[in-house]
1. Inside the stretch 152-196, can you point out the residues that are under 13 Å from the mean Cα position of the chain (by Cα) and either in a helix (DSSP H, G or I) or of a type in the set (Val, Ile, Thr) (or both)?
2. Of the residues Ala49, Ala8, Ala87, which is aliphatic (A, V, I, L, M), within 26 Å of Ser183 (Cβ to Cβ) and under 18 Å from the mean Cα position of the chain (by Cα)?
3. Find all pairs meeting these conditions: Cβ atoms under 9 angstrom apart; at least six residues apart or on different chains; first residue within the stretch 1-23 and farther than 24 Å from Ala53 by Cα and aliphatic (A, V, I, L, M); second residue open to solvent by 70 Å² or more (accessible area, probe 1.4 Å) and not in a loop (DSSP other than H, G, I, E, B).
4. When the residues of the stretch 99-156 are narrowed to those that are hydroxyl-bearing (Ser, Thr, Tyr) and touching a His at 6+ places or on another chain (Cβ under 9 Å), which ends up farthest from Ala49 (Cα to Cα)?
5. All but one of (1) modelled with pLDDT of 95 or more; (2) surrounded by fewer than 16 Cβ atoms within 10 Å (Cβ to Cβ) hold for Arg30; which doesn't?
6. Considering the stretch 42-59 alone, what residues qualify as being modelled with pLDDT under 95 and surrounded by 17 or more Cβ atoms within 10 Å (Cβ to Cβ)?
7. If you take the residues in the stretch 1-27 that are of a type in the set (A, V, I, L, M) and open to solvent by less than 50 Å² (accessible area, probe 1.4 Å), which one is farthest from Val168 (Cα to Cα)?
8. Residues to consider are Gly91, Gly102; find the one that is open to solvent by less than 30 Å² (accessible area, probe 1.4 Å) and in contact (Cβ under 8 Å) with a residue 12 or more places away in the chain.
Amino acid sequence: MVYYELIARDPQLSCYLFSEDDPRGRRVVRPQYKPFVCPRCGKVDELRALAQAGVPQMTFRSGRSVVSTCDDFKLCDQRLIDGLGAAGISGLVFLPLDAPQGYFVVLPTARASVDEPTAGMVTHGERCVLCARWRETTVGPLCESIEKPPDERAIFSPAVWSESILGVRPMFLCAAPVAKAVSSQKFSGLELARAF
């Protein structure tokens with residue numbers, strides 16, 4: 001079976017979920033997310049922060065159905081949500097963004113197990129002794145390390161995500177039937193790349 005990664009074509013260059021500019025123009029963690037910052041490495045526990053502190057208030061401009069934030073999270077509009085629902089595609093949850101544009105933060109509900117010894121992750125820098133996150137990872141997780149879900153109509157994500165120096169990079173994967181259904185709807189800003 002062929003699998004695809006769903007990617008937002010271009011990031012919104014001024015759009016960050018977990019940080020903002022302070023009065024001096026320096027990038028700082030949003031106040032609502034400060035309790036979720038690791039005191040050792042400074043990374044935000046993104047999923048816990050969204051679950052407990054909610055989504056931020058933010059503004060940005062886009063006419064696309066899918067956009068990526070500069071901290072690698074995906075946002076979508078109502079058209080994408082309606083289109084996925086009409087096609088019977090599951091595996092995602094949508095958190096309404098506190099923004100006038102009507103966008104939603106997209107998160108996976110289906111997390112596929114990963115066999116970490118065979119995941120092929122290449123690490124850079126130290127692993128934090130408090131939160132156990134790497135400074136940065138590249139490559140992977142490799143196909144053979146991911147336990148694929150039985151539902152071919154679900155978008156899923158591996159339980160292990162790549163790390164950038166800013167934080168995690170959520171991945172969204174799907175089997176060919178979902179890729180075909182999504183492609184036929186021509187959502188602006190969404191790209192399908194063959195993952196494995």
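1. Those that are under 13 Å from the mean Cα position of the chain (by Cα) and either in a helix (DSSP H, G or I) or of a type in the set (Val, Ile, Thr) (or both): Ile155, Val160, Val168.
2. Checking each option against the conditions leaves just Ala8.
3. Partner pairs satisfying both residue conditions: Val2/Arg194; Leu6/Glu191; Ile7/Glu191; Ala8/Glu191.
4. Thr138
5. For Arg30, the failing item is (2).
6. Val55, Pro56, Met58, listed by residue number.
7. So, considering only residues that are of a type in the set (A, V, I, L, M) and open to solvent by less than 50 Å² (accessible area, probe 1.4 Å), the one farthest from Val168 (Cα to Cα) is Val2.
8. Going through Gly91, Gly102 in turn, the sole match is Gly91.
The values are calculated or read from the model by the stated rules, or taken from the named source; none is laboratory data. None of the values given here were measured: they were computed from a predicted structure. Counting neighbours? That spans all protein chains shown, and the Cβs are built from the backbone with ideal geometry, glycine included. These accessible areas exclude ligands, DNA and RNA; they are computed on the full protein's heavy atoms, side chains included. Shrake-Rupley method; radii C 1.70, N 1.55, O 1.52, S 1.80 Å.
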